[in-house]
Amino acid sequence: METPALPSDAESSTVSLAKPGQLTSHVYNDENPPVHWSDTAFLIPHEWLRREMKAMLSSTQALPDVTTEQDAWKAELFATWILQVLVSVFKLHHTNEDNIYIPMLIEKGCKVQDKKISKDHEALIQLLEELQSLAEAIEQAKGMECTEEIASLKTKVPVFVQEMNDHLKEEELEMPEVMKANISKQDNDAAVQQIIQVAGLDGLQTEIPGVLEATHEWATDEHYEEFLSEIPPPILKLQRDILIPNYHSYFCAMRDAPTMDTKPALTQIPFDPSMLLPPPPPCEAAGGPPRAVDG
């Protein structure tokens, strides 16, 4: 029996899906642009992750070596961002690849170095847990008398960023051709929908807004509109009306606090989770149901 042609893969386009000069990738650029859905499948989350890491690195460098009562909020808010956003989002990113995306690729016949990828994820999660321990100490001390922890952050954050960037580069080098030869866009989209469901309310607040903003920055208008068309309209409206503004005024404000002259207000527009579609059953890959939304 002949293997059917993969949907949407019959022809390869040469038209770039990215705006000139807007990619942060170490693989794709104006000379080697993304032209196929398999190129952007990893770029969509990776471009956001790299932007988060660039901002995190700037904030780490801006932290005062020794805090005072006047600027301790910079360290405290940044530590809270590490705990509320960085650790959970990056851990979930790796877990979803290990438990959802890589198994799907293997099931479809892709030759994937799953053991190496999993080992790389374990090393990155260990680095994250070191950052988590430092952030917990800083937050507990409300940013005061934590000179050693701040010094450790200034050493460990650049290491984490470099290791993470190397990992993202490796995935962007190896995965697209394997995916293009073995799976369809429909296969990819189905796995992505599982990942979004696992992220739950936390992901809707801390991850999806950043992905939407980053994709709008680098993707062509046509590709961005195609990307938006795959998001349920109620979710997209909630993002535009509430969650993207909250992402900037609350989560990004905590992340960028060390670079600010005055303490941010950390405002949030309240929303009722019942506005969303009924949540999916808890997924074992996520380790249980998502946490409740504060406030």
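The values are calculated or read from the model by the stated rules, or taken from the named source; none is laboratory data. All figures in this text were calculated on a predicted structure; none of them were measured in a lab. Here the Cβ is made from the backbone with ideal geometry for all residues, glycine too, and neighbour counts use every protein chain on show. Protein only, heavy atoms only, side chains kept; ligands, DNA and RNA dropped before computing areas. Shrake-Rupley method; radii C 1.70, N 1.55, O 1.52, S 1.80 Å.
Let me make sure I get this right: for region 1-137, a, b and c are the square roots of the gyration tensor eigenvalues over alpha carbons, sorted descending. Under 1.5 in a/c it's rounded, otherwise prolate if a/b > b/c, else oblate. Which is it?
It comes out oblate by the Cα gyration axes.
Ordering Lys54, Lys74 by accessible area with a probe of 1.4 Å, largest first, what comes out? Please list the in-between numbers first.
On the way: Lys54 150, Lys74 40 Å².
Ranked from most to least accessible, the order is Lys54, Lys74.
Angle between the Cα long axis of helix 208-218 and the longest principal axis of the chain, 0 to 90 degrees, nearest 10?
70
Within straight cross-link reach of Lys185, meaning Cα distance under 21 Å, which lysines are found once same-chain residues fewer than 8 apart are removed?
Excluding near neighbours in sequence, the set is Lys108, Lys111.
Using alpha-carbon pairs under 8 Å, 6+ residues apart, how would you state the relative contact order of region 1-140 in percent?
Averaging sequence separation for qualifying contacts and normalising by length gives 20 percent for region 1-140.
On the full set of protein chains, 1.4 Å probe, figure out the accessible area of Tyr224 and give it in Å² to the nearest 10.
Result for Tyr224: roughly 30 Å² accessible.
If you roll a 1.4 Å probe over the chain with all protein chains in place, what percent of the accessible area is carbon or sulfur?
53
If you find the alpha carbon centre of region 26-40 and of region 135-158, how far apart are they in angstrom?
38
Answer with a single label: of (i) 0.97; (ii) 1.18; (iii) 1.05, which was calculated as Rg/Rh (Cα atoms, Kirkwood Rh) from the structure in view?
Entry (i).
Which whole-number value in Å² is the accessible area per residue of region 65-118, probe 1.4 Å? Could the numbers behind the result be given before it?
Details: 2410 Å² over 54 residues.
Accessible area per residue, region 65-118: 45 Å².
Quick one: angle between helix 87-96 and the longest Cα principal axis of the chain, in degrees between 0 and 90, rounded to 10, please.
20
Can you order the peptides 231-243, 205-217 by their average number of other Cβ atoms within 10 Å per residue, highest first?
205-217, 231-243
Cα axis of helix 72-81 to longest principal axis of the chain: angle in degrees, 0 to 90, nearest 10?
30
Under 1.5 on a/c is rounded, so check that first for region 113-171, then, if it is not, pick prolate when a/b is larger than b/c and oblate when it is not; a ≥ b ≥ c are the square roots of the alpha carbon gyration tensor eigenvalues.
Prolate, because a/c is 1.5 or more and a/b exceeds b/c.
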